[in-house]
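Working notes for the structure below.
The values are calculated or read from the model by the stated rules, or taken from the named source; none is laboratory data. Keep in mind the model is a prediction, meaning the values are calculated, not measured. All Cβ positions, even for glycine, are placed from backbone atoms using ideal geometry, and neighbour counts span all protein chains on display. Side chains are part of the model used for accessible areas, which takes the heavy atoms of the whole protein and leaves out ligands, DNA and RNA. Shrake-Rupley method; radii C 1.70, N 1.55, O 1.52, S 1.80 Å.
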Amino acid sequence: MKTIVGLFKNPQEAQVVVNDLAQIGINRDNVCVSQPESANNSGAGDRNGGRPFGFVRSLLGLDVEDSDAEVYSEGVRRGNALVSVKADDAKANAVVDIMKRHGVMDVDHHANEWQRSGWQRGAAPATGARPTATARGNANSAEQRIPVTQEELRIGKREVVGGGVRIYTRVTEQPVQENVTLHQEHVDVQRRPVNRPVNPGDVAAFKEGVVEVTETSEQAVVQKNARVVEEVVVRKDAQERQETVRDTVRRTDVKVEKLDAERANRPQP
């Protein structure tokens, strides 16, 4: 875990940063906001070996330089808000980006300005506001929370395309022929000389008239009827199968060891 700190102009800007940190999954227990307490108490205290900036130093970590802790402490005393975040390597860059986006102060630049106005490093703090923590990490609190985390394995299912068939239909033409017999008539007119007596039928026909004789013929008429001669059947057979998914999950194990007075006072390596 890395400790990332940033100084902001006022507690309102710091709270906006805290809200954005929660959006990227930073636990509120890993975020501490130190802001001035409106009281006429001295900023001095004996929180860290009698050093007046010991409270801020305890927020930043024991390995921070006294000069850096002193600058941050002076910034808080002047009304600024200090945001301290504990994040793993995967989220550290995202935390820095959020702080930059919301106008994190350049502490070196402001420290130089404070020195030009009379502030001195290592001097006794002026009477005024003292820092107080509004999130986890209050130096006056005797409680410390160590989260125990455990990963859960959740197995889901998604549908993937494994293959299949593609069926095309197209129309083709082929020539066919059939033989058919057609009837056709022709009218033939002949004149033949005749010499015989007139009979009653001839007398009845002895008048004006018109006789028409028509010719008929047959023509081939083509009709096409569509018939289904074959079917292509496509179907899918579904079946279930069992698959074993193997993975690893992580868990935080906390070991509690009791210390006697001698071991408790021994400095940590």
Quick count over the range 1-30, residues being more than 17 Å from R101 (Cβ to Cβ) and touching a Ser or Thr at 6+ places or on another chain (Cβ under 8 Å), is 2
### Message
Among the residues that make up the range 221-244, is at least one of them part of a loop (DSSP other than H, G, I, E, B), in contact (Cβ under 8 Å) with a residue 12 or more places away in the chain and open to solvent by less than 100 Å² (accessible area, probe 1.4 Å)?
### Response
yes
So is A22 open to solvent by less than 30 Å² (accessible area, probe 1.4 Å), under 32 Å from the mean Cα position of the chain (by Cα) and at pLDDT 75 or above or not?
no
Assess whether D247 counts as being part of a loop (DSSP other than H, G, I, E, B), among the charged types (D, E, K, R), touching a residue at least 12 places away in the same chain (Cβ under 8 Å) and open to solvent by 100 Å² or more (accessible area, probe 1.4 Å).
yes
Output for Cβ contacts, cut-off 8 Å, separation at least six or different chains, first residue more than 19 Å from T244 (Cα to Cα) and β-branched (V, I, T) in the range 154-181, second assigned to a loop (DSSP other than H, G, I, E, B) and open to solvent by less than 100 Å² (accessible area, probe 1.4 Å), reads V165/V234; I167/V234; V180/A220
(1) over 60 Å from the mean Cα position of the chain (by Cα); (2) within 30 Å of A226 (Cβ to Cβ); (3) open to solvent by 100 Å² or more (accessible area, probe 1.4 Å) all hold for Q174 apart from (1)
Over the range 177-216, the set of residues open to solvent by 100 Å² or more (accessible area, probe 1.4 Å) and part of a helix (DSSP H, G or I) is P200
